[in-house]
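Read the structure below first, then the notes.
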Amino acid sequence: MPAQHPPHRRNAPDDKFGHTPELGNQVWDWAERLAQHSDPGYAERGELTVTYLTEAHRAVAQRLAHWMRADCGFDEVAIDAVGNVVGVYHGTDREAKRLLTGSHYDTVRNGGRYDGRLGILVPMACVREMSRQGRRLPYGLEVVGFAEEEGQRYKAVFLGSGALTGHFDTAWLDQQDADGVTMRDAMRHAGLCVDDIPKLQRDPAKYLGFVEVHIEQGPVLNELDLPLGIVTSINGSVRYLGEVIGMASHAGTTPMDRRRDAAAAVAELVLHVEKRAASVPHLVGTVGMLEVPGGSINVVPGRCRFSLDIRATTNEVRDACAADVRAELARICEWRGLHFRLEETMRAAAAPSDAAWQQRWERAVQSLGLPLHRMPSGAGHDAMKLHEVMPQAMLFMRGGNAGISHNPLESITNDDTDLAVRAFQALLDQLTLEP
Ligand code: GLV
Ligand code: MN
Ligand code: MN
């Protein structure tokens with residue numbers, strides 16, 4: 001079972017004002033239960049890793065579906081053909097348009113407990129309250145636990161939300177994971193019906209829009225001492241996987257001027273990415289994977305594999321950086337007498353929030369007596385995919401530990417979570433009053 005990190009402690013009921021944040025505690029407890037499932041190799045070390053369709057991943061889906069059904073009172077609960085957990089709470093009129101919400105339940109390797117999962121559990125807590133009160137909204141609420149957003153096991157990303165927007169590329173099914181297991185086989189093994197994927201595409205005319213609650217994953221709200229923030233836009237991103245090919249040779253006998261060192265070339269590229277991204281505000285570039293396959297201490301690297309992730313507030317700034325980096329890679333390789341391969345594996349356009357939905361979040365936050373803080377999202381989210389087909393807006397919740405994320409030290413408080421649930425309830429209530 002993953003280790004308990006020091007920040008993972010729920011405030012006691014009367015820590016402060018004798019108030020018990022029941023809704024926040026519920027979400028907290030669900031998140032703790034989900035964190036008991038982790039992939040082999042990580043679980044033993046107390047690390048949380050849940051990648052697409054592993055046993056731990058399927059267990060998380062089962063738990064979510066069970067809670068939606070048994071604890072929350074959703075009317076329909078199903079695990080769909082890509083592994084999304086979909087719960088529907090009907091409105092007074094079953095045919096009424098639905099509000100779509102949710103986030104992902106997969107994680108990065110050795111990640112935190114709240115990235116993604118918060119956006120599934122917060123609306124689940126809202127449905128639980130409504131069904132306990134026997135309350136129905138004039139519109140339906142569809143909560144989706146997206147099966148995959150993090151792009152860890154396969155090169156493709158947004159497998160879950162992409163299926164809903166009709167962007168699941170069937171060519172992905174032949175991709176292999178690090179152990180040579182194709183996506184198609186992983187899906188079959190999980191009992192998913194690959195042929196049904198096209199049927200998952202939603203008709204936007206049947207939806208009011210998409211909203212997503214997410215932990216901020218950065219330091220801003222923490223520094224401002226604010227529990228909630230309003231997302232104005234999600235930064236655009238592009239990702240590549242690359243390989244430089246040189247010549248492996250003897251480290252002791254190959255003179256420095258005769259080497260064709262693939263790793264030294266990628267090292268040059270990494271420094272270029274760092275400098276280029278740092279030269280423009282709100283542009284970021286990361287080489288997060290760097291590997292000399294089959295390398296040895298006494299061999300000049302003949303091959304070097306790397307990843308590249310570039311993000312910016314506008315697509316233009318992102319693309320200009322990507323073009324420069326590609327040109328620099330070509331220049332470095334030419335100068336050093338090397339070859340390279342570079343494959344674009346993901347491209348997501350910057351996604352500005354829909355004005356009306358952003359305002360609904362603003363009014364919801366204000367109704368709790370909290371100040372407004374508007375901010376862009378540096379991280380990518382399922383909302384970027386839904387943005388392609390319907391209006392969307394996100395609500396951020398503060399992360400502790402200086403907002404660190406994609407790290408086991410990611411943390412939240414039950415008090416903040418309680419506010420996030422209440423903000424979601426306020427958004428639902430407002431929508432009820434709209435003509
Ligand atoms: C998703 O977590 C991302 O990489 O932004
Ligand atoms: Mn993430
Ligand atoms: Mn996320």
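Condition first: within 12 Å of ligand 1 (Cβ to nearest atom) and either farther than 13 Å from L53 by Cβ or outside any loop (DSSP other than H, G, I, E, B) (or both). Now tell me which residues in segment 151-160 satisfy that. Residues satisfying the conditions are G151, V157, F158.
Which of the strands (runs of 3 or more DSSP E) contained wholly in segment 274-389 include at least 2 residues that are out of contact with any Asp or Glu (no Cβ under 9 Å at 6 or more places or on another chain) and in contact (Cβ under 8 Å) with a residue 12 or more places away in the chain? Because the criterion is at least 2 residues that are out of contact with any Asp or Glu (no Cβ under 9 Å at 6 or more places or on another chain) and in contact (Cβ under 8 Å) with a residue 12 or more places away in the chain, the strands (runs of 3 or more DSSP E) in segment 274-389 that meet it are 303-312, 339-348.
Figure legend. Inter-residue proximity from segment 394-417: first residues in the same structural domain as R113 (by TED's automatic domain parsing) and in a helix (DSSP H, G or I), second residues small (G, A, S) and away from ligand 2 (no atom under 13 Å from the Cβ), beta-carbon distance below 8 Å, spacing 6+ or different chains. Indicated pairs: N401/S411; N414/G24; D415/G24; D416/G24; T417/G24.
Considering each of L241, L192, L221 in turn, give the residue that is in a loop (DSSP other than H, G, I, E, B) and modelled with pLDDT of 95 or more. Of the residues listed, the single one that is in a loop (DSSP other than H, G, I, E, B) and modelled with pLDDT of 95 or more is L192.
You will find that of F146, F158, the residue that is in contact with a strand residue (DSSP E or B) (Cβ under 9 Å, 6 or more places away or on another chain), under 21 Å from S307 (Cβ atoms) and of a type outside the set (A, V, I, L, M) is F158 and no other.
Is it the case that segment 129-148 has a residue that's charged (D, E, K, R), away from ligand 2 (no atom under 16 Å from the Cβ), under 30 Å from L173 (Cα atoms) and open to solvent by less than 10 Å² (accessible area, probe 1.4 Å)? For segment 129-148, residues charged (D, E, K, R), away from ligand 2 (no atom under 16 Å from the Cβ), under 30 Å from L173 (Cα atoms) and open to solvent by less than 10 Å² (accessible area, probe 1.4 Å): present.
Restricted to segment 341-366, and to residues there that are of a type outside the set (D, E) and open to solvent by 80 Å² or more (accessible area, probe 1.4 Å), the residue that is nearest to the chain's Cα centre (by Cα) is R347. Using the structure shown, decide if E223 is charged (D, E, K, R) and buried (at least 21 other Cβ atoms within 10 Å of the Cβ). No: the conditions fail for E223. Selection within segment 116-128: residues that are open to solvent by less than 10 Å² (accessible area, probe 1.4 Å) and not aliphatic (A, V, I, L, M). The member of this set that is nearest to ligand 1 (Cβ to nearest atom) is G116.
Of all the residues in segment 283-324, those that are under 16 Å from F340 (Cα atoms) and more than 25 Å from the chain's Cα centre (by Cα) number 8. Taking the numbered list (1) under 18 Å from A420 (Cα atoms); (2) surrounded by 22 or more Cβ atoms within 10 Å (Cβ to Cβ) in turn, T107 passes all entries but (1). For segment 72-101, a residue qualifies if it is touching a strand residue (DSSP E or B) at 6+ places or on another chain (Cβ under 6 Å), open to solvent by less than 10 Å² (accessible area, probe 1.4 Å) and aliphatic (A, V, I, L, M), and the qualifying residues are V85, V88, L99, L100.
Screening V273, V280 for residues that are open to solvent by less than 30 Å² (accessible area, probe 1.4 Å), on the phi < 0 side of the Ramachandran plot and under 27 Å from the mean Cα position of the chain (by Cα) leaves exactly one candidate, V273. The sole residue among T54, T49 that is assigned by TED's automatic domain parsing to the domain that holds G145 and either open to solvent by less than 10 Å² (accessible area, probe 1.4 Å) or within 16 Å of ligand 3 (Cβ to nearest atom) (or both) is T49. Does R239 qualify as being within 16 Å of ligand 2 (Cβ to nearest atom), surrounded by 15 or more Cβ atoms within 10 Å (Cβ to Cβ), farther than 29 Å from T413 by Cβ and of a type outside the set (G, A, S)? Here the answer is yes, as R239 does meet what is asked.
Taken over segment 28-44, the residue count meeting the criterion of being more than 18 Å from the chain's Cα centre (by Cα) and assigned to a helix (DSSP H, G or I) is 7. Does E328 meet the test of being open to solvent by 20 Å² or more (accessible area, probe 1.4 Å), more than 17 Å from the chain's Cα centre (by Cα), within 16 Å of ligand 1 (Cβ to nearest atom) and closer than 30 Å to G302 by Cβ? Taking the combined requirement at face value, the residue does not satisfy it.
Taking the condition of being farther than 30 Å from L208 by Cα and not aromatic (F, W, Y), how many residues in segment 321-371 meet it? The total comes to 23. Taking segment 379-403, which residues are open to solvent by 10 Å² or more (accessible area, probe 1.4 Å), within 14 Å of ligand 3 (Cβ to nearest atom) and closer than 16 Å to G112 by Cβ? A379, G380, listed by residue number. Checking each residue of segment 168-178 against the condition of being surrounded by fewer than 16 Cβ atoms within 10 Å (Cβ to Cβ), in a helix (DSSP H, G or I) and hydroxyl-bearing (S, T, Y) gives at least one match.
The values are calculated or read from the model by the stated rules, or taken from the named source; none is laboratory data. Keep in mind it's a predicted model, so treat the numbers as computed, not measured. We place every Cβ from the backbone using ideal geometry, glycine too, and count neighbours over all the protein chains shown. Surface accessibility is based on the protein's heavy atoms, side chains included, excluding ligands, DNA and RNA. Shrake-Rupley method; radii C 1.70, N 1.55, O 1.52, S 1.80 Å.
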